1. Filter the stretch 37-69 for residues that are touching a residue at least 12 places away in the same chain (Cβ under 8 Å) and outside any helix (DSSP H, G or I) and give the result.
2. Given the structure, is residue 35 modelled with pLDDT of 85 or more, of a type outside the set (Lys, Arg) and open to solvent by 70 Å² or more (accessible area, probe 1.4 Å)?
3. State the number of residues belonging to the stretch 123-139 that are modelled with pLDDT under 85 and in a loop (DSSP other than H, G, I, E, B).
4. Restricting attention to the stretch 85-99, report how many residues are in a helix (DSSP H, G or I) and surrounded by 11 or more Cβ atoms within 10 Å (Cβ to Cβ).
5. Looking at 150, 167 in this structure, which one is over 21 Å from residue 65 (Cβ atoms) and modelled with pLDDT of 80 or more?
6. What do you reckon, is residue 74 at pLDDT below 90 and over 26 Å from residue 34 (Cβ atoms)?
7. Of the residues that sit in the stretch 18-30 and are out of contact with any Ser or Thr (no Cβ under 6 Å at 6 or more places or on another chain) and without any contact (Cβ under 8 Å) to a residue 60 or more places away in the chain, which one is nearest to residue 148 (Cα to Cα)?
Amino acid sequence: MNEESFDPLWLRKARSQFDTLDTAIRDMIYYRELVAVVSDDEVTRLLVEHLRISLLGTIVINWNKLFALENSEEAWKRLTAESAGFRQQVYSATGFNYQQWSDYRKSVREFSGRLHAHFDPSHHLESQLVLEPMFLVLEVAHQWMHQLYEGHQELASDELLQADYIEQLGQQVRERLQAWPLLHSA
């Protein structure tokens, strides 16, 4: 793909969504790593639980901005440029068909409403939505954008376009959590 083939309007919108995608992916990684944290200390356990729920809130907000909107100027079809190819990758990763993808996006919008109404770990909202498809779609979006911008990194976010960005950041977060004194204090 060469620079002349980019629609300037699409490019502007896609670039403005890179921060949203990057935030959602980073928060997904932080969330996944915090799910694995176990602590016998009640204060630490509650802190980690609150951090995890807060991250879930930002993931859902940003995921909705990117994928749950259909007719908006900022909808996922703008981010992905050629939506049929992106959709096929989503279907392949999640096992969804067209209707299931539509239904899942709707369920995330509805979950977002419940999350906003009861943004508190005591409501156990995590059990009200299967999160893995949301995470898989973020991973597909990362791969899609990496492929789309390959050779044109100057047009997008440097970190997000690294092919192993998710794996590298996940490893860094795991290492930092293992060294976090709060999790290993007596």
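1. Hits for the stretch 37-69 are 37, 39, 41.
2. Values: modelled with pLDDT of 85 or more: yes; of a type outside the set (Lys, Arg): yes; open to solvent by 70 Å² or more (accessible area, probe 1.4 Å): yes.
For residue 35, the condition - modelled with pLDDT of 85 or more, of a type outside the set (Lys, Arg) and open to solvent by 70 Å² or more (accessible area, probe 1.4 Å) - is met.
3. Kept after step one, since they are modelled with pLDDT under 85, are these residues of the stretch 123-139: 123-129.
Cutting the leftovers down to in a loop (DSSP other than H, G, I, E, B) gives us 124, 129.
Count: 2.
4. 10
5. Numbers: 150 fails: modelled with pLDDT of 80 or more.
None of the others qualify; the one that does is 167.
6. On the way: at pLDDT below 90: yes; over 26 Å from residue 34 (Cβ atoms): yes.
Yes: the conditions hold for residue 74.
7. Ranking the qualifying residues of the stretch 18-30, first place goes to 20.
Listed here are the residues, each with its yes/no results for (1) more than 23 Å from residue 29 (Cβ to Cβ); (2) modelled with pLDDT under 90; (3) of a type in the set (Gly, Ala, Ser).
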position: 83; (1), (2), (3): yes, yes, yes
position: 115; (1), (2), (3): no, yes, no
position: 118; (1), (2), (3): yes, yes, no
position: 121; (1), (2), (3): no, yes, no
position: 141; (1), (2), (3): no, yes, yes
position: 145; (1), (2), (3): no, yes, no
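The values are calculated or read from the model by the stated rules, or taken from the named source; none is laboratory data. All values reported here derive from a predicted model rather than from experimental measurement. Glycine also receives a Cβ, built like all others from the backbone with ideal geometry; neighbour counts cover every protein chain displayed. Protein only, heavy atoms only, side chains kept; ligands, DNA and RNA dropped before computing areas. Shrake-Rupley method; radii C 1.70, N 1.55, O 1.52, S 1.80 Å.
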